[in-house]
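First up is the structure itself, then whatever we jot down about it.
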Amino acid sequence: MVLSGPLDSLRRGIAEFCVLGILDGGEAYGWEISKVLSERGLIAGEGTLYPLLNRLHREGLVSTRWQQSESGRRRKYYALTGEGYARLNAFRGVWGEFRNNVDKTIGSHDGGQG
């Protein structure tokens, strides 16, 4: 597909904020996050999520904790930190205008001049 390159780039650029947005609703474990992102076409696969979650943890944007599930398996849960909330809110502050400007630019039929 011709658009796979641009779509992959968009996914990489936006995935961090989508993960933070999911965690804004409360803590979740990796599979739950992956399911939401995959269903919405925001990640190509589960394998791309865990390196991102590890980076967000290293950067102090998410915290982690282990918990035993009802099935007996241990699950790593992720939650937003204060820094994570701040990063998400900063993104929310610029996203609307940015999205509107992109829509105006690529949606025009006159090469972006109007």
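The values are calculated or read from the model by the stated rules, or taken from the named source; none is laboratory data. Given the structure is predicted, the values throughout are model-derived calculations rather than measurements. Cβ sites come from the backbone with ideal geometry, for glycine too, and all protein chains shown count toward neighbours. Note: areas computed on protein heavy atoms with side chains; ligands, DNA, RNA excluded. Shrake-Rupley method; radii C 1.70, N 1.55, O 1.52, S 1.80 Å.
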Among Leu53, Phe91, Val36, the residue whose Cα sits farthest towards the positive end of the charge dipole of the chain, when +1 is placed on the Cβ of each Lys and Arg and -1 on the Cβ of each Asp and Glu, is Leu53
The set of residues whose placed amide H lies less than 5 Å from the amide H of Thr81, leaving out same-chain residues fewer than 5 positions away, is Val62, Ser63
Taking Cα atoms, the helix 82-107 axis meets the longest principal axis of the chain at an angle in degrees (rounded to 10) of 30 degrees
Here the net charge surrounding Gln68, from other residues whose Cβ is less than 13 Å away from its Cβ (Lys, Arg +1; Asp, Glu -1), is +4
Ranked output for segments 89-95, 16-22 by mean other Cβ atoms within 10 Å, highest leading, reads 16-22, 89-95
So the carbon and sulfur contribution to the accessible area of the chain, 1.4 Å probe, in percent, is 53 percent
Helix 4-23 sits off the longest principal axis of the Cα atoms of the chain, rounded to the nearest 10 on a 0 to 90 degree scale, by 50 degrees
To the nearest 20 debye, the chain has a Cα-centred charge dipole, built from +1 on Lys and Arg Cβ and -1 on Asp and Glu Cβ, of 380 debye
So for R0 = 25 Å, FRET eff. of Ala86-Arg12 from the Cβ-Cβ r, to 0.05, ends up at 0.70
For the chain, dividing by residue count, accessible area per residue (probe 1.4 Å) in Å² works out to 67 Å²
